[in-house]
Amino acid sequence: MNPLLSPWNTPFGIPPFSDIRDEDFAPAFEVALKDARDGVMEIAQNPEAPSFANTIEAMETSDTLLDRVANVFFNLAGTDSNDAIEALQRELSPKLSQLHSEIMMNADLFKRVDALFEARDTLSLTAEQLRVLELYHQNFVRAGAKLNDADKDRLKAVMSRLAELGTGFAQNVLADERAWSMSLGEDDLDGLPDFVRASARAAAEERGQGGYCITLSRSLIVPFLQFSKRRDLREVAFKAWVSRGKNRGETDNREIVAETLRLREERAKLLGYPHFAAFKLEKEMAKTPDAVREMLMTVWKPAKAQAERDAERLAELMHADGVNDTLAPWDWRHYAAILQKREHDLDEAELKPYLQLDNMIEASFATANRLFGLSFKPLDVPLHHPDARAWEVLNGDRHVGVFIGDYFNRSSKRSGAWCSSFRAQSKLEGEVSPITINVCNFSKPPAGQPALLTFDDARTLFHEFGHALHNLMSDVTYKLISGTSVARDFVELPSQLYEHWLSTSEILSEYAVHAETGKPMPKPLFEKLRAAENFDKGFATVEYTSSALVDLDFHSGPAPADPMARQSELLAELGMPGAITMRHATPHFQHVFSGDGYSSGYYSYMWSEVMDADAFAAFEEVGDVFDEDIAARLAENIYSAGGSEDPAALYVAFRGKMPGVEALLKQRGLDAA
């Protein structure tokens with residue numbers, strides 16, 4: 001029996017990873033795709049009059065098997081890929097797109113949904129059911145249900161091709177990341193602290209090399225750029241890092257980007273929108289490109305001014321260092337680290353021993369316990385990779401779900417950090433508990449040594465765990481609105497808000513313990529860390545905001561014939577500082593081009609940050625970052641509510657009002673810039 005199709009007699013329904021083989025996926029998808037297609041046809045052809053139960057609730061459960069198979073497969077494709085998985089992924093992408101189009105453009109099925117929608121005020125639905133019905137109807141219309149047959153056929157072809165392009169884009173970036181490394185000899189290590197040397201040695205071992213090497217993993221290349229005194233090597237590494245996806249040959253993504261933008265524009269116009277951004281933002285809190293642009297530009301101006309002032313100071317340091325040249329992007333992090341040491345007496349090498357991975361995991365758990373009453377019990381179960389680990393999540397004696405953490409970088413894992421699910425929470429067919437996973441790319445230490453994080457790494461861990469809590473604490477009936485299934489510019493609120501607890505004295509005083517001495521972080525070091533929290537925020541904000549503005553510009557009008565030329569043109573119009581690059585240049589901008597998720601939506605991190613700054617202020621205003629009443633409102637209206645209501649209504653229910661951008665400027669220290 002194929003383990004993907006058989007009952008899973010495992011603890012809490014965790015996928016039976018030790019039984020699953022690559023060759024199981026293709027036949028499992030064949031069965032699951034047919035099962036989903038047959039289930040939908042049965043609903044569409046039901047001779048009974050449409051009801052919420054026989055149409056909407058039936059659709060909620062029609063793809064249960066496909067969900068199960070796909071969730072395992074695509075999580076493996078991101079965390080532990082190989083040639084077989086990547087080949088099947090390329091084959092599956094258009095098939096899954098085709099199925100989705102078939103379902104959403106099925107005239108008989110839409111007729112049933114539309115009839116329910118028109119009669120919605122007479123159906124005695126609960127508020128949650130009404131929300132689900134409205135979202136289903138909206139999804140059908142936005143997927144082309146009202147188009148004529150010719151336009152439906154064209155939209156199906158467009159969506160199928162977009163699926164192929166997104167898969168190719170992501171696989172090309174991963175291929176470039178796998179292919180590049182820079183070997184270092186003993187003479188090339190000048191300036192690198194022990195933790196960077198250890199990571200570089202481990203990276204070399206993972207690639208079957210001796211000595212040391214730098215890879216394109218952010219957790220390795222960023223500290224190399226910070227600490228290496230070898231400007232020539234920093235330049236080589238930085239240029240390789242920003243060249244992912246534009247190295248010519250088979251993995252070059254520039255033509256994929258151009259075709260993607262053309263097809264997205266065509267998709268929007270088929271559906272009656274002037275451009276793709278108008279289509280995409282209609283469902284988000286922002287609603288319009290103008291609202292997004294106004295917010296981004298309000299932040300861009302003070303951030304750019306701050307970055308330009310900082311660039312002058314960094315250039316002075318560089319010239320004093322004997323480098324008679326213009327400050328370059330591969331210089332910024334290096335001299336910023338020196339400036340931070342001078343201004344705040346804060347050194348990443350001094351801080352890092354206090355940020356042990358295991359302790360930071362425990363810190364994230366302890367925060368959830370104090371806020372929401374959750375506890376985490378280690379599970380000894382087979383997982384998708386030996387580095388991964390799992391915990392049962394409990395609230396008192398009640399099982400809440402399963403949390404999986406996969407923290408170390410490897411060549412089979414795509415870069416970045418994210419949260420995903422093997423199973424979403426729902427109640428329609430009884431209590432279905434969530435199984436959610438956090439994936440990070442921290443440097444793996446040599447055997448027997450503790451994994452140490454930078455403060456940025458620790459913040460990433462808390463961020464992704466905030467997403468995980470959004471899934472784990474979900475308390476809704478329908479999986480359509482479960483957990484993180486919310487507006488894109490709302491989904492980052494629970495994650496970014498959770499980051500705030502990392503830097504509180506209540507958490508760091510207990511969990512920031514030195515790896516060798518076992519002593520807690522000294523109070524003076526903690527105070528220096530807090531004082532430096534907004535250090536280099538001009539750089540970080542410019543790096544991010546430029547990426548968000550390019551994403552918005554690409555989708556807010558006619559698709560550019562040459563996206564790279566348009567990127568350069570827009571950055572020139574913005575006055576992009578010469579020593580700063582986009583956080584994600586277009587050829588490796590996976591948020592935007594490896595799928596549809598953040599297209600026209602990269603701004604959403606900043607949109608959510610406006611709310612997270614204001615939300616944490618609720619705790620600060622009462623002088624207790626673990627205030628029980630505020631935490632209860634936060635759990636009810638944000639972490640547990642999923643997409644059961646309009647996101648603005650959920651936020652107002654928690655905080656009383658929507659905040660302005662001033663909260664964000666203050667949080668980033670840009671209010672006086």
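Residues that are under 30 Å from residue 54 (Cα atoms) and buried (at least 21 other Cβ atoms within 10 Å of the Cβ) within segment 423-443 comprise 423, 424, 425, 426, 434, 435, 436, listed in sequence order. Can you run down the residue pairs with Cβ atoms below 9 Å, 6 or more apart or on separate chains, where the first is in segment 1-28 and on the phi > 0 side of the Ramachandran plot and in a helix (DSSP H, G or I) and the partner is among the charged types (D, E, K, R) and modelled with pLDDT of 95 or more? Hits for this filter: 12/392; 13/423.
Across segment 283-333, which residue is most open to solvent (accessible area, probe 1.4 Å) among those that are in a loop (DSSP other than H, G, I, E, B) and without any contact (Cβ under 8 Å) to a residue 60 or more places away in the chain?
Keep residues of segment 283-333 that are in a loop (DSSP other than H, G, I, E, B), which gives 283-288, 321-328.
Among the residues that remain, those that are also without any contact (Cβ under 8 Å) to a residue 60 or more places away in the chain are: 287-288, 321-322, 324-325.
On the way: 287: 102, 288: 63, 321: 93, 322: 67, 324: 152, 325: 74 Å².
Looking at the filtered set, the residue picked out is 324.
Might you let me know whether segment 624-633 holds any residue that is open to solvent by less than 20 Å² (accessible area, probe 1.4 Å), modelled with pLDDT of 95 or more and not aliphatic (A, V, I, L, M)? Yes, that holds for at least one residue.
Could you tell me which of the residues 533, 569 is within 30 Å of residue 284 (Cβ to Cβ), more than 24 Å from the chain's Cα centre (by Cα) and either hydrophobic (A, V, I, L, M, F, W, C) or open to solvent by 30 Å² or more (accessible area, probe 1.4 Å) (or both)? Give the derivation first.
Values: 533 fails: more than 24 Å from the chain's Cα centre (by Cα).
Just a single option satisfies the conditions, and that option is 569.
For segment 334-352, check the following and say yes or no: at least one residue is in a helix (DSSP H, G or I), modelled with pLDDT of 95 or more and acidic (Asp, Glu). No, because not a single residue in segment 334-352 is in a helix (DSSP H, G or I), modelled with pLDDT of 95 or more and acidic (Asp, Glu). Just one of the listed residues (261, 270, 184) is surrounded by fewer than 18 Cβ atoms within 10 Å (Cβ to Cβ), modelled with pLDDT of 95 or more and touching a helix residue (DSSP H, G or I) at 6+ places or on another chain (Cβ under 7 Å), and it is 270.
This table checks each residue for (1) hydrophobic (A, V, I, L, M, F, W, C); (2) more than 28 Å from the chain's Cα centre (by Cα); (3) open to solvent by 40 Å² or more (accessible area, probe 1.4 Å).
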position: 145; (1), (2), (3): yes, yes, no
position: 148; (1), (2), (3): no, yes, yes
position: 152; (1), (2), (3): no, yes, no
position: 167; (1), (2), (3): no, no, no
position: 171; (1), (2), (3): no, no, no
position: 174; (1), (2), (3): yes, no, no
position: 178; (1), (2), (3): no, no, yes
position: 188; (1), (2), (3): no, yes, no
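Taking segment 334-348 as the range and being under 16 Å from residue 537 (Cβ atoms) and either among the polar types (S, T, N, Q) or open to solvent by 50 Å² or more (accessible area, probe 1.4 Å) (or both) as the test, the residues that pass are 340, 343.
Could you please find all residues in segment 230-245 being out of contact with any strand residue (DSSP E or B) (no Cβ under 8 Å at 6 or more places or on another chain) and not in a loop (DSSP other than H, G, I, E, B)?
Taking segment 230-245 as the starting set, the residues that turn out to be out of contact with any strand residue (DSSP E or B) (no Cβ under 8 Å at 6 or more places or on another chain) are 230-232, 234-235, 238-239, 241-245.
Result: 231, 232, 234, 235, 238, 239, 241, 242.
Those residues that are over 23 Å from residue 336 (Cβ atoms) and assigned to a helix (DSSP H, G or I), I need them from segment 199-229; list them, please. Full working, then the answer.
First, the residues of segment 199-229 that are over 23 Å from residue 336 (Cβ atoms): 201-213.
Within segment 199-229, 201, 202, 203, 204, 205, 206 qualify.
Got at least one residue in segment 614-626 being assigned to a loop (DSSP other than H, G, I, E, B) and out of contact with any Ser or Thr (no Cβ under 9 Å at 6 or more places or on another chain)? I'd like the intermediate steps shown before the answer.
Our first condition is that a residue be assigned to a loop (DSSP other than H, G, I, E, B); within segment 614-626, this holds for 623-626.
Going one step further and asking which of them are out of contact with any Ser or Thr (no Cβ under 9 Å at 6 or more places or on another chain), we end up with 623-624.
Looking for residues that are assigned to a loop (DSSP other than H, G, I, E, B) and out of contact with any Ser or Thr (no Cβ under 9 Å at 6 or more places or on another chain), one finds at least one in segment 614-626, hence yes.
Report yes if some residue within segment 247-254 is touching a Lys or Arg at 6+ places or on another chain (Cβ under 7 Å), closer than 30 Å to residue 191 by Cβ and assigned to a loop (DSSP other than H, G, I, E, B); otherwise report no. No - not one qualifying residue is present in segment 247-254.
Can you give me the number of residues within segment 382-396 that are farther than 18 Å from residue 471 by Cβ, without any contact (Cβ under 8 Å) to a residue 60 or more places away in the chain and in contact with a Lys or Arg (Cβ under 9 Å, 6 or more places away or on another chain)? Walk me through how you get there before you give the answer.
To start, the set of residues in segment 382-396 that are farther than 18 Å from residue 471 by Cβ comprises 382, 385-387, 396.
Remaining after also requiring without any contact (Cβ under 8 Å) to a residue 60 or more places away in the chain: 386-387, 396.
Then drop every residue that is not in contact with a Lys or Arg (Cβ under 9 Å, 6 or more places away or on another chain), which leaves 387.
Residues flagged as farther than 18 Å from residue 471 by Cβ, without any contact (Cβ under 8 Å) to a residue 60 or more places away in the chain and in contact with a Lys or Arg (Cβ under 9 Å, 6 or more places away or on another chain) within segment 382-396 amount to 1.
Find the helices (runs of 4 or more DSSP H) located wholly in segment 537-605 whose residues include 2 or more that are modelled with pLDDT of 95 or more, in contact with a helix residue (DSSP H, G or I) (Cβ under 7 Å, 6 or more places away or on another chain) and closer than 22 Å to residue 487 by Cα, and list them. Don't jump to the end; show me each part of the working.
On the way: elements: 537-555, 563-574, 590-593.
Of the helices (runs of 4 or more DSSP H) lying wholly inside segment 537-605, those with at least 2 residues that are modelled with pLDDT of 95 or more, in contact with a helix residue (DSSP H, G or I) (Cβ under 7 Å, 6 or more places away or on another chain) and closer than 22 Å to residue 487 by Cα span 537-555, 590-593.
The values are calculated or read from the model by the stated rules, or taken from the named source; none is laboratory data. Just so it is clear, the model here is predicted, and its values are computed rather than measured. Note: ideal-geometry Cβ built from the backbone for every residue, glycine included; neighbour counts use all protein chains shown. When the accessible area is computed, the model is the full protein with side chains, heavy atoms only, and any ligands, DNA or RNA have been set aside. Shrake-Rupley method; radii C 1.70, N 1.55, O 1.52, S 1.80 Å.
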